[in-house]
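Here is the structure we will look at, set down as structure tokens.
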Amino acid sequence: MCVDPAVREQVLKDNRVKASRWTNGKLGPHTCLTPYVWREAFTGDDVCVELEQRTQAKRDNQQADDRKVLARLWVTKSRYGGNTYVGCPDLSGHGPK
């Protein structure tokens, strides 16, 4: 999914420290310490984050379809010099014309 770079960095940070925000509580071993809540960006996401990050994840998920970039990939194969190159232009000038 496409997100703002600052959001991506926050997600990576939260993922790195997730175990430090868990306690063994009423909801099991991944109960969030106060003031954290589960991010719930996807089913089973038990990373504990501040409420603002959970709200951001929900907003990003709601906008996911609008943020997709449709792309097509054309793959060409050429063989020269005993090697097969996939999708690589001939920069040497020695390949097939």
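Listed by first and then second residue, the pairs linking a residue in segment 21-34 that is aromatic (F, W, Y) to a residue that is assigned to a strand (DSSP E or B), with Cβ atoms under 6 Å apart and 6 or more places separating them unless they lie on different chains, are W22/H30.
For segment 31-45, a residue qualifies if it is assigned to a strand (DSSP E or B) and out of contact with any Leu (no Cβ under 6 Å at 6 or more places or on another chain), and the qualifying residues are T31, C32, W38.
Taken together, the residues in segment 9-30 that are of a type in the set (G, A, S) and either surrounded by 15 or more Cβ atoms within 10 Å (Cβ to Cβ) or part of a strand (DSSP E or B) (or both) amount to 2.
Condition first: among the charged types (D, E, K, R) and at positive phi. Now tell me which residues in segment 12-52 satisfy that.
Kept after step one, since they are among the charged types (D, E, K, R), are these residues of segment 12-52: 13-14, 16, 18, 21, 26, 39-40, 45-46, 50, 52.
The answer is E40, and nothing else.
We did not get these values from a lab; they are worked out from the coordinates using the rules stated. A quick note: this is a predicted structure, and the numbers were derived from the prediction, not measured. Neighbour counts are summed over all protein chains in view; Cβ atoms, including those assigned to glycine, are modelled from backbone coordinates with ideal geometry.
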